[in-house]
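The structure under discussion appears below in the form of structure tokens.
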Amino acid sequence: MKVNVWFCQCGDNIAAKVNREIVEQELTRIPQVACRSVDFLCSEEGKQALALDLAESRPDRVVIAACSPREYEATFRKVLGEAGLNPYYLQMVNIREHVSWVTPEPAAATAKALRLIHAGIARVRHHEPLMVREVDANTDAVVIGAGPAGLKCARTLAEAGRHVVVVEKTPVLGGLPVRYEELFPNMECGACLLEPLLSEVMHGRYAENIELLTISEVVEVTGYQGNFIVKVRRRPRFVDAHACIGCGECIPPCPVSIPNEFDCGLGQRRAISFPFAGALPNAPFIDEGACLRAQGENCSRCVQACPVPSAILLDDHEELLERKAGAIIVATGAALYNTAKLPEFRDARRPGVYTNLEFERILAANGPTNGEFRIPEDGRIPRTVAIIHCVGSLDPEHVPYCSGVCCGAAFKLSHLAATRSPDTRFHHLYKELVLPGKEEFLVYAKVRQNPQITMERYTRIAELVPDAALGSQRIRYFKPDGSAEWLAADMVVLCPAIVPASGLANLAGTLELAMDRFGFLEEYHGRTDSSRSKLQGVYLAGGCQAPADIQRASNQGMAAAGYVLSGLVPGRRLEVDPVRARVDKTRCSGCRICPPVCPYRAITMPADDAGAEVNELLCQGCGTCVAACPAGAIRAAHFTGAQILAEMEALLQ
Amino acid sequence: MTLEQADPAIAARPRFEPRIIGFLCNWCSYAGADKAGSAQLFYPPNVSVIRVMCSGRVEPQFVLGAFRRGADGVLILACHPGDCHYKEGTYRATQRHRMMLRLLRQFGIEEARCRFDYVSAAEGEKFARVLTEMVETVRELGPLGL
């Protein structure tokens with residue numbers, strides 16, 4: 001077997017420490033080994049010389065002693081391939097990063113380089129021809145979550161001709177912002193801002209490319225980039241959203257009244273209802289648990305009131321749907337930190353104490369007070385309102401980070417409420433004020449000039465006690481100078497830290513995605529690749545990755561769409577790296593040790609007990625199963641036991 | 001006063017140069033070694049690196065095989081827990097290393113001859129330090145001489 005060794009001097013980088021003549025002398029003593037030296041093998045001239053030599057001398061294997069394989073292995077493999085040699089007949093020996101740059105003594109460096117080259121020659125003799133396989137890729141996508149991030153992504157992909165399945169847990173599209181009356185910093189109406197996007201997704205020119213699944217959840221995902229199979233549990237809506245004309249005739253006859261979770265439980269709704277007025281899709285849903293039929297009663301008052309035949313489907317039932325997709329975008333959004341975890345807010349409860357999300361609903365025209373600024377439970381107009389920022393935030397015991405968007409939202413709330421109730425005074429308490437951005441500061445400027453609104457810094461809230469006699473709340477807090485102060489308010493609004501929406505850990509488990517230390521999904525790179533997950537073909541947008549405002553969520557949704565459009569191109573196939581594990585079924589005893597060891601669930605045991613099988617598309621080539629197999633039945637292509645032992649033997653000679 | 005200073009005969013004796021095999025995972029530790037190279041951090045040449053895709057690929061037979069073939073020490077370097085490119089390979093490698101130590105004890109091989117550590121792609125300095133420490137430790141233990 002003829003082995004050609006190329007010794008790259010890398011200018012002086014290698015040649016200054018590793019003696020070329022000694023290396024050549026030593027290597028040419030080995031039968032069937034030829035040694036060539038070059039100044040810069042990675043240069044165009046270097047690669048041409050290599051290609052020419054491969055064509056002329058037709059070696060069986062090639063060793064390149066140069067820099068790190070992490071740098072140029074792919075380049076030189078390509079040269080081998082173009083010269084008609086199998087690209088995997090190459091072994092790179094790292095005599096720059098691992099030898100010349102780290103060894104002060106030239107004699108020692110030369111000896112070490114020779115040792116490594118000998119090992120490279122011994123290893124490469126065992127190299128096997130491997131082929132990069134290509135597989136077809138599905139270019140469609142599944143988007144999980146129908147907030148601004150998910151919908152921007154879905155619309156963009158649909159516009160490019162991709163089929164998109166949007167899986168939304170609730171019966172309503174638009175995420176959190178459609179529940180807000182106005183948005184900071186420009187006081188736009190939340191529903192109006194998203195209306196064009198929602199309308200495009202539902203009825204626009206490319207809407208036929210989008211399948212909307214509401215009251216649905218992703219329950220199982222198998223496969224890999226280009227070939228995911230996503231199982232979705234669609235719970236019954238009992239209303240055909242396409243047939244329904246949205247008249248709402250069905251709602252008043254319904255005899256059931258329950259707290260409306262879409263108003264944070266502040267108002268009531270019927271078992272058949274819209275989540276809130278104007279919610280899209282413009283079709284009510286029946287709450288499966290609340291409907292009298294669930295208790296065995298034979299009620300059909302809603303059906304009788306409905307003017308459209310078969311718009312209400314009382315026999316609608318849960319379905320397990322299967323969708324194929326090349327990419328998955330997670331856009332499940334955010335939630336508020338649970339204030340029950342904070343002892344100082346132990347006694348904080350309604351009426352009187354609300355989260356900013358609840359306060360948004362109190363101000364919303366389609367909310368529990370029809371947009372009137374009142375305490376929903378007793379109808380009083382509060383004279384004093386305390387708005388507490390940084391609840392649970394900037395606290396190493398709870399949420400160490402700053403969510404970055406609550407200050408702007410909090411000032412928006414006092415600005416809006418102050419306009420509606422000129423006699424009410426608002427007092428903001430904050431740990432830190434954060435309002436970056438070219439427009440965001442305007443809200444703060446407005447609030448600063450408003451005589452109804454004051455603000456003050458605090459370091460810690462000691463307690464919040466309801467004063468039943470006065471029907472108000474008393475807050476004891478510490479100021480930066482260490483002194484304690486009491487504040488009384490008719491209404492308290494808490495702005496808790498922003499955390500991932502509930503259920504994200506389950507979804508992360510289903511998708512096998514890593515979570516960061518705060519419980520968000522871990523991004524590929526926090527600065528430059530925050531919309532990519534660490535799993536190929538799975539992308540992140542909005543509150544599942546970090547606290548996000550609408551701008552950030554929309555941008556990330558668009559970024560995720562960009563990754564899908566460039567990563568999955570119709571007509572282009574995906575390459576499968578041949579560095580994979582494979583089971584020799586004649587040696588497999590069927591012991592079942594390997595399947596749970598695989599981090600990618602790539603190994604299955606077929607029912608016929610004919611031995612383990614590795615799915616080469618799911619396998620990532622780590623070789624953990626190979627090391628675990630007690631029978632030595634699994635081979636790691638390009639990292640076989642024979643190759644590694646040959647390398648080791650030569651290193652120790 | 002060291003032994004070498006006390007006895008000129010010992011000082012004149014050639015210093016024992018241990019032979020050590022280092023298994024490095026491709027994504028973190030090998031990249032960390034490259035980083036030490038780029039930073040031109042000097043360390044002793046006694047460790048010969050074998051690159052594997054993941055520390056989880058390192059079979060116990062590789063470690064035993066290295067000692068049998070004359071290695072005085074074996075070093076396994078992996079990604080930090082949670083940073084593993086293959087998610088769990090690091091855990092498998094730590095588990096196997098713990099098991100290896102028990103086995104080596106039974107063979108009368110000192111535990112210090114088989115070291116496991118974490119080196120990230122950014123930790124060029126740690127790589128150079130771990131290698132230097134390992135060479136010094138094994139040098140003090142002397143040749144394995146199975």
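Data overview
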| quantity | calculated |
| --- | --- |
| Extent along principal axes [Cα atoms of the protein assembly as shown; Å; largest to smallest] | 96, 68, 54 |
| Convex hull volume per residue in cubic angstrom - Cα atoms of segment A:347-475 | 113 |
| Segment A:281-341: GluC sites (Glu not before Pro) falling in loop per DSSP and having at most 15 other Cβ within 10 Å | A:GLU297, A:GLU318 |
| Whole-angstrom Cα spans of segment A:156-206 along principal axes, big to small | 34, 23, 16 |
| Neighbour cut-off at most 15 other Cβ (10 Å), DSSP loop, trypsin sites (Lys or Arg not before Pro), segment A:450-533 | A:ARG517, A:ARG527 |
| Radius of gyration and Dmax over the Cα atoms of segment A:3-132, both given in Å | 13.5, 41 |
| Where only C-alpha atoms are counted, convex hull volume of segment A:56-149 per residue in Å³ | 180 |
| Cα gyration tensor category, rounded, prolate or oblate, for segment B:82-138 with a/c compared to 1.5 | oblate |
| Relative compactness, segment A:580-636, computed as alpha-carbon Rg over 2.2 N^0.38 Å | 0.95 |
| Among beta bridges that DSSP assigns inside the protein assembly as shown, antiparallel share in %, nearest 5 | 45 |
| Cα centroid separation - segment A:557-592 against segment A:192-254, whole Å | 30 |
| Order of A:SER310, A:SER43, B:SER29 under a 10 Å beta carbon neighbour criterion, fewest first | A:SER310, A:SER43, B:SER29 |
| Gap separating the Cα centres of segment A:156-184 and segment A:68-108, nearest whole Å | 49 |
| Cα-only Debye scattering, chain B: base-10 log of I(q)/I(0) at q = 0.17, 0.20 Å⁻¹ | -0.92, -1.18 |
| Size of charge dipole - segment A:1-99 - debye, nearest 20, with Cβ of Lys, Arg +1 and Asp, Glu -1, no other charges | 280 |
| A:GLU188-A:GLU322 FRET efficiency (beta carbon distance; Förster radius 35 Å; 0.05 resolution) | 0.35 |
| Value of Rg to Rh for segment A:121-260 (Rh from inverse mean 1/r over Cα pairs, i.e. Kirkwood) | 1.19 |
| Amide H within-cut-off set for A:LEU313, under 5 Å, with H built and near neighbours excluded | A:VAL239, A:ASP240 |
| Calculated Rg and Dmax of segment A:114-186 using C-alpha coordinates, Å | 25.3, 73 |
| Mean separation of Cα contacts under 8 Å (6+ apart) over length of chain A, as relative contact order % | 13 |
| Isotropically averaged projected area of segment A:236-317, using the convex hull of Cα atoms (one quarter of hull area), nm² | 5.0 |
| Label point distance in nm, A:HIS126-A:THR384, each placed 7 Å from Cα along Cα→Cβ | 8.0 |
| Value of [θ]222 nm, deg cm²/dmol, for the protein assembly as shown, DSSP H segments ≥ 4, -39500 (n - 2.57) each, nearest 500 | -9000 deg cm²/dmol |
| Cα centroid separation - segment A:388-440 against segment B:99-118, whole Å | 57 |
| Inter-chain Cβ neighbour average for residues A:100-106, partner chain, 10 Å | 5 |
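Coordinate-derived values only; no laboratory data. Keep in mind that what you see is a predicted model, and the values were worked out from it rather than measured. A quick note on method: Cβ atoms are made from the backbone with ideal geometry, for glycine too, and the neighbour counts reach across all protein chains shown.
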